[in-house]
1. Considering (1) open to solvent by less than 20 Å² (accessible area, probe 1.4 Å); (2) modelled with pLDDT under 95; (3) within 22 Å of ASP253 (Cβ to Cβ), say which one MET159 fails and leave the rest.
2. Filtering the stretch 167-182 down to residues that are modelled with pLDDT under 90 and open to solvent by less than 60 Å² (accessible area, probe 1.4 Å), which residue is nearest to the chain's Cα centre (by Cα)?
3. Being crowded, with 16+ Cβ neighbours inside 10 Å and among the hydrophobic types (A, V, I, L, M, F, W, C) is the filter; apply it to the stretch 251-265 and report the residue that is farthest from ASP139 (Cα to Cα).
4. So for the stretch 224-232 (the condition being within 26 Å of SER129 (Cβ to Cβ), open to solvent by less than 10 Å² (accessible area, probe 1.4 Å) and not in a loop (DSSP other than H, G, I, E, B)), does at least one residue qualify?
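The values are calculated or read from the model by the stated rules, or taken from the named source; none is laboratory data. All figures in this text were calculated on a predicted structure; none of them were measured in a lab. A quick note on method: Cβ atoms are made from the backbone with ideal geometry, for glycine too, and the neighbour counts reach across all protein chains shown. For the accessible areas, the whole protein counts, side chains as well, though only heavy atoms, and no ligand, DNA or RNA atoms are used. Shrake-Rupley method; radii C 1.70, N 1.55, O 1.52, S 1.80 Å.
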Amino acid sequence: MRCPKCGSDETGKFCSQCGSALRAGAGACGACGAGVERGAMYCGECGAPTGRRSAKPVTAYLPWILSALALAAFAVAITMFLRGQAMERQAGMPLSGGVIGGEGTSPAEAPTGGGVESMPSAAELAAMSPREAADRLFDRAMRTDESGDTERAQFFAHMAVQAYDGLPPEQLDLDARFHQGLLRLVMKDPAGAAADADEILAADPDHLLGLVLSARAADAGGDEMGMVAAYERLLGALPVGLASGRQEYEMHDRLLESEAERARALTGGD
């Protein structure tokens, strides 16, 4: 430390040059030479800055610490559930292939062939794009709901909706909107599902998946007239829609087939 009286560099309790007492933890002001306490930011005699910065308390970093812990917990939850609770997946099925086994069809009736593929490992999940991860969570939620495990299906549905909400706008296409709507139905939110259906139909009034979602949301909300009206529109749009070869229709072909059968039964249509 520097002697507050003569400014020489010293290490003991007294200055070897002038004999002045040196205070432990003290230093000297670089401007006037007066003694300054450890951690002081300004000289008490002349007000000159000492060049020191006060240490922040741990509580100042608490929001960042809590955010990091929450993010880590969310990542662990996804990994553990997808790895530990995984069910077999049909080989070759695209990530956004819709409800595994089809709507109204038991998992045992799903098409077979070519072996099976397990849910991805933690490393594989990390390598997925955000859209791929969201679609995989969608599949997991719908598969779990199909099995009758409502509570766990809602857990996966909440995670999947959050994953879709975090997608860049260019990746949130009509198929992703449809997925969100089905997830909201799993979460017992028919109003939210109806809003997703409206978003799809605003972009394409004859979109088959939008009409399916509209009918299902009306049914879940107790709106029988709305459900029948949506199914009538679905039957009217079905021939042109299926002939269009749109990728999302091919991905959900079994769902569209079962919904068309239900629409015909309810409306008496062909």
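1. In the conditions (1) open to solvent by less than 20 Å² (accessible area, probe 1.4 Å); (2) modelled with pLDDT under 95; (3) within 22 Å of ASP253 (Cβ to Cβ), MET159 misses (3) alone.
2. Taking the stretch 167-182 and keeping what is modelled with pLDDT under 90, we get 167-172.
Next cut, open to solvent by less than 60 Å² (accessible area, probe 1.4 Å) only: 167-168, 171-172.
Numbers: LEU167: 8, PRO168: 12, GLN171: 14, LEU172: 13 Å.
Top of the filtered list is LEU167.
3. Across the stretch 251-265, the extreme among qualifying residues is ALA263.
4. Residues of the stretch 224-232 that are within 26 Å of SER129 (Cβ to Cβ), as a first pass: none.
Taking every residue of the stretch 224-232 in turn, none turns out to be within 26 Å of SER129 (Cβ to Cβ), open to solvent by less than 10 Å² (accessible area, probe 1.4 Å) and not in a loop (DSSP other than H, G, I, E, B).
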